[in-house]
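Below is one structure, written out as structure tokens, with a few remarks after it.
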Amino acid sequence: MRLLIVCSKNSGKIAPFISDQVEALQQAGMLCDYYCVTGKGWRGYLQNTNALIQKINLFKPNLLHAHFGLSGLLANLQRKVPVVTTYHGSDINLPKVYFFSRICMALSAYNIFVSQKNLQKANLKKRFALIPCGVDTSMFFPLEKENARKELGFDINDKLVLFAGAFTNEVKNPELAQAAVALLPEVKLLELKGYSRSEVALLMNAVDACLMTSHSEGSPQFVKEALACNCPVVSVDVGDVKEQVGDVNGCYIADREAIVLSEALIKVIKANVRIEGTKVIEQKELEQKQVVEKLLKVYSNFIQ
């Protein structure tokens, strides 16, 4: 089966949760290629129409899998090849984008949502599934904290917290994270920026906690990857984080207040224990191979 992935590359690269999934699909025997959208806003996306059609005529896919609502809307402007669209959060949570996502849902042959909250908001009656993005457990797995710190050049006695993104990413709400850690003079807040995937896995094994303070999320890969590394998570109630870590000893869902978040971080740092996150990944079927199996079942409906 030939699968064409339609997604944005406006940031300069394809989002890792997309490329990781595609790599796993290829390992499962799918023949995959990309059409990468350049241009922002709905007008920028629609300007890709002719180039996408040319790519379809050249690659001759059996199916298009679009990631995010605007990519799905673009993919559906042609009606020759069926389209499966995955909605990742911002395309549901942001009202201006959600308008276009609703059109995409009506046009798509099948719709995939990565969180229960987004699925409930969409309120579809047919042609949908809840399939969060999976975790590559061959890369994200537990290591000894001391060994991870040595490899990264960190002092074993440092108190380290990993933030969920770049400090310039407004959606991630870095100001709240920085305010919380500022209340803890001995704690360093690390920015998740400029690291390779393998280095991110090392970071999650090296730090005392992972911190998420985002304004909006769908099913954040950051949290699932932290779980796969058995790293404690402190987060506000956003996306499906409560569903993933709410019952995990050593993880905390906290109010959007710096003092509350700092208190949760102190509990984690003082406890100095790793969580049983790998069990959560297994129980909730969040391993990449398990997710690919679900996707292949969806795709099978479009094989003639």
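The values are calculated or read from the model by the stated rules, or taken from the named source; none is laboratory data. In this text the structure is predicted, and so the values were computed from the model without any measurement. Ideal geometry is used to build each Cβ from the backbone, glycine not excepted, and the neighbour counts take in all protein chains shown.
Is one or more of the residues making up the stretch 230-246 part of a loop (DSSP other than H, G, I, E, B), assigned by TED's automatic domain parsing to the domain that holds ARG149, surrounded by fewer than 19 Cβ atoms within 10 Å (Cβ to Cβ) and not charged (D, E, K, R)?
Scanning the stretch 230-246 turns up at least one residue that is part of a loop (DSSP other than H, G, I, E, B), assigned by TED's automatic domain parsing to the domain that holds ARG149, surrounded by fewer than 19 Cβ atoms within 10 Å (Cβ to Cβ) and not charged (D, E, K, R).
Can you name the condition, by its number, that HIS215 falls short on among (1) in contact (Cβ under 8 Å) with a residue 60 or more places away in the chain; (2) part of a loop (DSSP other than H, G, I, E, B)?
For HIS215, the failing item is (1).
In the stretch 192-210, how many residues are in contact with a strand residue (DSSP E or B) (Cβ under 8 Å, 6 or more places away or on another chain) and either assigned by TED's automatic domain parsing to the domain that holds PRO95 or of a type in the set (D, E, K, R) (or both)?
Matching residues across the stretch 192-210 total 1.
What is the residue count in the stretch 74-90 for residues that are closer than 16 Å to SER216 by Cα and surrounded by 24 or more Cβ atoms within 10 Å (Cβ to Cβ)? Step through it out loud before you land on a result.
The first filter runs over the stretch 74-90 and keeps only residues closer than 16 Å to SER216 by Cα, leaving 87-90.
Those left that are additionally surrounded by 24 or more Cβ atoms within 10 Å (Cβ to Cβ): 87-88.
So the answer is 2.
Could you run through the stretch 54-68 and say how many residues are part of a helix (DSSP H, G or I) and either in contact (Cβ under 8 Å) with a residue 24 or more places away in the chain or surrounded by 20 or more Cβ atoms within 10 Å (Cβ to Cβ) (or both)?
Step one: of the stretch 54-68, the residues part of a helix (DSSP H, G or I) are 54-59.
Still in the list and also either in contact (Cβ under 8 Å) with a residue 24 or more places away in the chain or surrounded by 20 or more Cβ atoms within 10 Å (Cβ to Cβ) (or both): 55-56, 59.
Residues that pass the stated criteria total 3.
Please go through the stretch 1-28 and give me each residue that is modelled with pLDDT of 95 or more and either surrounded by fewer than 13 Cβ atoms within 10 Å (Cβ to Cβ) or over 15 Å from the mean Cα position of the chain (by Cα) (or both), ordered by number.
If the condition is that a residue be modelled with pLDDT of 95 or more and either surrounded by fewer than 13 Cβ atoms within 10 Å (Cβ to Cβ) or over 15 Å from the mean Cα position of the chain (by Cα) (or both), then ARG2, LEU3, LEU4, ILE5, VAL6, GLU23, ALA24, LEU25, GLN26, GLN27, ALA28 are the ones that fit.
Residue pairs, Cβ under 9 Å, 6 or more apart or interchain, first in the stretch 152-176 and at negative phi, second of a type in the set (Ser, Thr, Tyr) and modelled with pLDDT under 95. List them.
If the second residue must be of a type in the set (Ser, Thr, Tyr) and modelled with pLDDT under 95, the pairs left are VAL171/SER90; VAL171/SER216.
So, in the stretch 279-293, of the ones that are assigned to a helix (DSSP H, G or I) and under 17 Å from the mean Cα position of the chain (by Cα), which residue ends up farthest from THR86 (Cα to Cα)?
From the stretch 279-293, those assigned to a helix (DSSP H, G or I) are 279-283, 288-293; that's our starting set.
The next check asks that each one be under 17 Å from the mean Cα position of the chain (by Cα); those that pass are 280-281, 288-292.
Numbers: VAL280: 23, ILE281: 21, GLN288: 16, LYS289: 17, GLN290: 17, VAL291: 13, VAL292: 13 Å.
Result: VAL280.
Spot the failing condition for SER71; the list is (1) among the polar types (S, T, N, Q); (2) touching a residue at least 60 places away in the same chain (Cβ under 8 Å); (3) surrounded by fewer than 22 Cβ atoms within 10 Å (Cβ to Cβ), and only one is missed.
For SER71, the failing item is (3).
In the stretch 248-303, which residue that is in contact (Cβ under 8 Å) with a residue 12 or more places away in the chain and among the polar types (S, T, N, Q) is nearest to GLU144 (Cα to Cα)?
Filtering the stretch 248-303 for residues that are in contact (Cβ under 8 Å) with a residue 12 or more places away in the chain and among the polar types (S, T, N, Q), the one nearest to GLU144 (Cα to Cα) comes out as ASN272.
Just to be sure I understand, how many residues within the stretch 75-103 are assigned to a helix (DSSP H, G or I) and farther than 18 Å from TYR299 by Cα?
Residues of the stretch 75-103 that are assigned to a helix (DSSP H, G or I), as a first pass: 75, 90-93, 95-103.
Filter again for farther than 18 Å from TYR299 by Cα, leaving 90-93, 95-103.
So the count comes out to 13.
Kindly check whether there is at least one residue in the stretch 294-304 that is assigned by TED's automatic domain parsing to the domain that holds TYR98, under 19 Å from the mean Cα position of the chain (by Cα) and more than 23 Å from LEU183 (Cα to Cα).
Scanning the stretch 294-304 turns up at least one residue that is assigned by TED's automatic domain parsing to the domain that holds TYR98, under 19 Å from the mean Cα position of the chain (by Cα) and more than 23 Å from LEU183 (Cα to Cα).
Would you be able to tell me the number of residues in the stretch 86-111 that are touching a Phe, Trp or Tyr at 6+ places or on another chain (Cβ under 8 Å) and under 24 Å from LYS172 (Cα atoms)?
Matching residues across the stretch 86-111 total 8.
When the stretch 165-206 is examined, which residues are found to be assigned to a helix (DSSP H, G or I) and among the hydroxyl-bearing types (Ser, Thr, Tyr)? If you could, list the steps in order and put the result at the bottom.
Step one: list which residues in the stretch 165-206 are assigned to a helix (DSSP H, G or I), which gives 170-172, 174-182, 197-206.
Once the filter is applied, which keeps residues that are assigned to a helix (DSSP H, G or I) and among the hydroxyl-bearing types (Ser, Thr, Tyr), the stretch 165-206 yields only SER198.
Six or more apart or on different chains, Cβ atoms under 7 Å: show the pairs whose first residue is in the stretch 32-53 and farther than 13 Å from PHE68 by Cα and whose second is of a type in the set (Ser, Thr, Tyr).
Listed pairs, sorted by first residue: GLY39/TYR45; LEU52/TYR35.
Need the failing condition index for THR213 against (1) more than 13 Å from ALA164 (Cα to Cα); (2) in contact with a strand residue (DSSP E or B) (Cβ under 9 Å, 6 or more places away or on another chain), just the number.
(1)
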